[in-house]
Amino acid sequence: LKGHVYVLDGGQNEDCDYLRQRIQELGNHVDGWFLSHPHTDHVNALSTMLESGDYPEVDSYYVSDFDQEKYQAEAADWDVYSDYERIKRAMETTGEQAKVKPIYAGDVLDMDGMQGKVLHDYTTKDGGDAANDGSLVLKFYGAKTSMLFCGDTGASQSQSILENYGEA
């Protein structure tokens, strides 16, 4: 992936300046930005960046397809629903919404020499809590390396992921 930049989540409001600086140092261009789920510690740095108007060029945003009404109805005390509304509003206001691509379990992404496979998303969530257990679970792999990113997916989803993908 030399020369390419992919971001997973991004952090909280206070992470925005550091994240922006690192992306600028890498050319101020992001090939793909993955948002695992709409919690404060995952999307607010991006929301802050978009709201400021000082954000990098991003080719695509990859997200779990959260059902807004279902998420709001299932939200627990720790789910700050306004964070979900905030990132959606920031995307719409800046026009970045047109670059949002929902991805689903089973999807395979070609990422400049690496592959990405979606092992779990909100639509495959079976119980558990609203946002954390609806996190994207992503496996990235190449000829010699593989990486697994689980967002905040908990143990309640593990059995289903193992049944569907095993040692994938």
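Looking at segment 1-18 only, could you name the residues that are of a type in the set (A, V, I, L, M), open to solvent by less than 60 Å² (accessible area, probe 1.4 Å) and assigned to a loop (DSSP other than H, G, I, E, B)? Break it down stepwise before answering.
First, the residues of segment 1-18 that are of a type in the set (A, V, I, L, M): 1, 5, 7-8.
Those still in the list that are open to solvent by less than 60 Å² (accessible area, probe 1.4 Å) too: 5, 7.
The answer is Val5, and nothing else.
Once segment 101-123 is narrowed to residues that are in contact (Cβ under 8 Å) with a residue 40 or more places away in the chain and β-branched (Val, Ile, Thr), the residue that is farthest from Leu148 (Cα to Cα) is Thr123. For segment 108-128, filtered to residues that are surrounded by 14 or more Cβ atoms within 10 Å (Cβ to Cβ), over 19 Å from Asp59 (Cα atoms) and of a type in the set (D, E, K, R), the residue that is nearest to the chain's Cα centre (by Cα) is Asp121. With respect to Tyr104, determine if the residue is surrounded by 13 or more Cβ atoms within 10 Å (Cβ to Cβ) and farther than 15 Å from Tyr61 by Cα. Here the answer is no, as Tyr104 does not meet what is asked. Under the condition of being out of contact with any Lys or Arg (no Cβ under 9 Å at 6 or more places or on another chain), part of a loop (DSSP other than H, G, I, E, B), crowded, with 20+ Cβ neighbours inside 10 Å and not polar (S, T, N, Q), the residues counted in segment 19-43 number 2. Listed conditions (1) closer than 22 Å to Leu109 by Cα; (2) at pLDDT below 95 are all met by His29, apart from (2).
Each row is one residue, and each column tells you yes or no for (1) open to solvent by 40 Å² or more (accessible area, probe 1.4 Å); (2) assigned to a strand (DSSP E or B); (3) of a type outside the set (D, E, K, R).
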| residue | (1), (2), (3) |
| --- | --- |
| Ala130 | no, no, yes |
| Asp133 | no, no, no |
| Leu138 | no, yes, yes |
| Asp152 | yes, no, no |
| Ile161 | no, no, yes |
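The values are calculated or read from the model by the stated rules, or taken from the named source; none is laboratory data. What you see is a predicted model, and the numbers here were worked out from it, not measured in a lab. No Cβ is skipped: glycine too gets one built from the backbone with ideal geometry, and neighbour counts run over all protein chains shown. For the accessible areas, the whole protein counts, side chains as well, though only heavy atoms, and no ligand, DNA or RNA atoms are used. Shrake-Rupley method; radii C 1.70, N 1.55, O 1.52, S 1.80 Å.
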